[in-house]
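Just so you know, all these numbers are worked out from the coordinates, no wet-lab data involved. Quick caveat: nothing in here was measured; it's all calculated off a predicted structure. Here the Cβ is made from the backbone with ideal geometry for all residues, glycine too, and neighbour counts use every protein chain on show.
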2 protein chains.
Amino acid sequence: MGEQKQYDPDKYERPSVTVDIVILTLRESKLQVLLIQRKNWPYAGSWAIPGGFVEMNESLEAAARRELAEETGVDDPAIHLEQLHTFGDPGRDPRMRVISVAHMALVPDGQLALRAASDASDAGWFPAYDPPPLAFDHDQILSCAIGRLRSQVETTPAIFRLLPETFTLTELQSAYEHVLREDLDKRNFRRKMLSSDLLAETQQLRSGDHRPAKLYRLQEDAAGRHKAQRPYP
Amino acid sequence: MGEQKQYDPDKYERPSVTVDIVILTLRESKLQVLLIQRKNWPYAGSWAIPGGFVEMNESLEAAARRELAEETGVDDPAIHLEQLHTFGDPGRDPRMRVISVAHMALVPDGQLALRAASDASDAGWFPAYDPPPLAFDHDQILSCAIGRLRSQVETTPAIFRLLPETFTLTELQSAYEHVLREDLDKRNFRRKMLSSDLLAETQQLRSGDHRPAKLYRLQEDAAGRHKAQRPYP
DNA sequence: ACAAAAGTGTTAATTTTACACCCATGG
DNA sequence: CCATGGGTGTAAAATTAACACTTTTGT
């Protein structure tokens with residue numbers, strides 16, 4: 001900060017600072033969010049977005065990654081984690097003044113070892129667009145995450161952070177459709193995607209119950225072209 | 001935050017929390033930022049983005065508006081103020097752990113009573129795209145603000161928050177050009193603007209040295225409509 | 001053979017770009 | 001009368017939107 005009065009910082013009461021993490025994934029073709037159930041006052045029994053205190057020697061991102069690892073077992077710098085917004089209204093937590101730096105993490109559905117944190121009676125995945133009632137101002141935080149995700153998905157290759165390394169075009173389209181909540185035209189979608197330079201064709205096929213589908217992966221250098229243009233729509 | 005261990009919050013050392021405000025305006029047809037000169041260690045003599053501590057009973061936005069009023073004399077809820085990002089790396093301020101919630105304010109050039117804060121030896125406007133060396137991580141904060149402004153200007157009517165109530169189309173175009181740093185085609189610009197439903201024609205003309213120009217104002221209900229493309233927070 | 005998902009082109013509509021001259025006023 | 005900024009239209013190109021059938025596999 002830039003002020004420069006001869007403040008004695010100790011004469012100011014200080015708030016607690018936490019990070020909250022909206023952890024999103026695509027499971028069962030739906031956008032889902034990880035929530036933990038509170039055991040204690042306030043909001044005992046309600047579901048909440050996971051979070052925790054920022055320690056004095058760690059950055060905000062480090063704190064968020066630490067919490068992410070604690071909740072999901074995922075400790076991978078490749079996981080997409082971004083800061084969303086800071087929520088700091090006095091009274092948002094009745095126990096004390098808590099300023100919370102909200103983050104969003106996008107994790108591919110996979111072997112997420114969902115280990116409930118020691119302080120949660122339970123943890124689970126819920127439909128992000130239709131969550132249970134949430135503690136504190138966590139409905140706002142979730143809305144903020146979903147809004148950001150949608151905007152990212154429309155303008156960057158963020159969708160791939162929710163997908164496994166290889167995927168079919170139908171899976172990719174379905175991911176877009178479930179995040180954006182709109183139906184896309186199959187032929188237009190495929191034409192646009194294939195002409196976008198975002199995808200690399202693999203040699204493999206996904207054999208399933210029906211006609212096998214080509215598998216694609218994100219083009220290696222696509223991260224850089226990120227901001228450039230909207231892949232879809 | 002959502003964790004719920006039986007934390008004793010007092011056993012945690014707490015960081016200081018501040019708000020910093022990137023105050024932007026269009027002066028002399030240039031995008032300019034308000035900076036204050038530091039008098040004391042660290043970065044004595046450097047220019048810095050104004051800011052100050054968040055008090056225990058005020059929201060982050062209230063703190064930012066209070067600082068904005070202290071620096072500029074502008075105390076108007078209509079001023080566009082938005083939260084940008086929170087900067088909290090340990091060591092960003094050598095005096096202590098400071099977590100700063102950066103904001104951006106857009107003020108129309110006008111009778112800004114620039115009163116230097118008591119702790120600043122001076123305050124002044126500087127070209128936002130070509131600022132002097134800045135204290136702390138304030139270059140990052142400024143870049144963040146400019147990036148956000150550009151994205152807002154491309155997708156929302158934010159540009160009008162930098163303009164006086166009435167303006168000519170040429171002034172409007174010039175505002176876009178100086179914020180986006182690109183030249184726009186006059187006829188395409190005017191056609192697009194006039195067909196956008198964002199503008200209301202006034203009966204007045206701006207008489208200057210040459211042919212008078214029609215004055216426009218932002219359409220009353222325009223705040224909602226242009227939101228179409230990118231919602232950010 | 002059939003059910004189910006994969007894959008494939010064309011046309012119309014809309015949006016974006018490029019581009020140059022006349023008009024109204026003040027000095 | 002002239003210098004200066006205000007104001008205007010059209011055509012080509014690019015992008016987007018709408019739309020239905022054939023292919024391949026497993027059962």
- Message: Sort A:65-74, B:128-137, B:74-83 by packing, meaning the average of other beta carbons within 10 Å per residue, with the highest value first.
- Response: A:65-74, B:128-137, B:74-83
- Note, A:Arg217: beta-carbon cut-off 14 Å, +1 each Lys/Arg, -1 each Asp/Glu, net -3
- Message: Please list, in order along the stretch B:205-221, the HN-Hα scalar couplings obtained from phi with the Karplus expression 6.51 cos²θ - 1.76 cosθ + 1.60 (θ = phi - 60°), rounded to whole Hz, x for Gly and Pro.
- Response: 10, 8, 8, x, 7, 10, 4, x, 10, 5, 9, 10, 9, 5, 4, 3, 8
- Which angle from 0 to 90°, rounded to the nearest 10, does the C-alpha axis of helix B:60-72 make with the longest principal axis of chain B? 70 degrees
- Note on the structure: Among A:Gln203, A:Gln37, A:Gln173, the residue with the largest mean-square fluctuation in a Gaussian network model of chain A built from Cα contacts under 10 Å is A:Gln203
- Task: Please arrange B:Ile141, A:Ile146 by counting, for each residue, the other beta carbons lying within 10 Å of its beta carbon, fewest first.
- Result: A:Ile146, B:Ile141
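Quantify how strongly other chains surround peptide B:41-54 by giving the mean number of their Cβ atoms within 10 Å of each of its Cβ atoms.
That average works out to 3.
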- Query: Amide H of A:Asp109: which non-local residues (sequence gap of 5 or more, or other chain) have their own amide H closer than 5 Å, using H built in the peptide plane?
  - Reply: A:Leu26
- Task: Give A:Lys192/B:Lys30; A:Lys186/B:Lys186; A:Lys192/B:Lys192 a once-over and call out the pairs whose C-alpha atoms are over 30 Å from each other.
- Result: A:Lys192/B:Lys30; A:Lys186/B:Lys186
- Message: If you fit an axis through the alpha-carbon atoms of helix A:138-155 and take the longest principal axis of the Cα set of chain A, what angle between them do you get, 0 to 90°, nearest 10?
- Response: 40 degrees
- For the protein assembly as shown, convex hull of alpha carbons as volume per residue, Å³: 166 Å³
- ³J(HN,Hα) computed for each position of the stretch B:29-38 - Karplus, 6.51 cos²θ - 1.76 cosθ + 1.60, integer Hz, glycine/proline x: 6, 10, 6, 10, 10, 8, 10, 10, 8, 7
- Using a 10 angstrom cutoff on alpha carbons, build the Gaussian network for chain B and name the most mobile of B:Lys30, B:Lys192, B:Lys39. B:Lys192
- Query: For peptide A:59-65, how many partner chain Cβ atoms fall within 10 Å of a residue's Cβ, on average?
  - Reply: 3
- Message: Give me the inter-chain shielding for B:15-27: mean count of other chain Cβ atoms within 10 Å, whole number please.
- Response: 3
- Note on the structure: Relative contact order in percent for chain B (Cα pairs under 8 Å, 6+ apart) equals 21 percent
- Query: Which order results if A:Leu163, A:Leu34 are arranged by neighbouring Cβ count within 10 Å, fewest first?
  - Reply: A:Leu163, A:Leu34
- Message: Please report, for A:Glu182, the nm distances (one decimal) from its label point, 7 Å out from Cα along the beta-carbon direction, to the equivalent points in the remaining copies, shortest first.
- Response: 2.2
- Message: Can you give me the long-range amide H partners of B:Tyr43? Hydrogens built in the peptide plane at 1.01 Å from N, cutoff under 5 Å, separation of 5 or more residues or another chain.
- Response: none
- Label 7 Å beyond Cα on the Cβ vector: A:Asn40 copy-to-copy distances, nm: 3.8
- State, to one decimal in nm and shortest first, how far the label point of A:Tyr12 sits from each corresponding label point in the other identical copies (label point: 7 angstrom along Cα-to-Cβ). 1.8
- Query: Residue-wise, which Karplus ³J(HN,Hα) couplings in Hz belong to the stretch B:16-26, taking 6.51 cos²θ - 1.76 cosθ + 1.60, θ = phi - 60°, and x for glycine or proline?
  - Reply: 7, 10, 10, 10, 10, 10, 8, 9, 10, 8, 9
- Message: Taking the Cα centre as origin and putting +1 on Lys and Arg beta-carbons and -1 on Asp and Glu beta-carbons, what dipole magnitude results for the protein assembly as shown, to the nearest 20 debye?
- Response: 1460 debye
- Based solely on its DSSP helices, what 222 nm [θ] is calculated for the protein assembly as shown when runs of n ≥ 4 H residues each add -39,500 (n - 2.57) and the sum is averaged over all residues, nearest 500 deg cm²/dmol? -7500 deg cm²/dmol
- Task: Report, in degrees rounded to the nearest 10, the 0 to 90 angle that the Cα long axis of helix A:169-180 makes with the longest principal axis of chain A.
- Result: 40 degrees
- Hey, can you grab everything whose amide H is under 5 Å from the amide H of A:Thr18? Only 5+ residues off in sequence or another chain; H modelled, so Pro and N-termini drop out. A:Val54, A:Ile99, A:Ser100, A:Val101
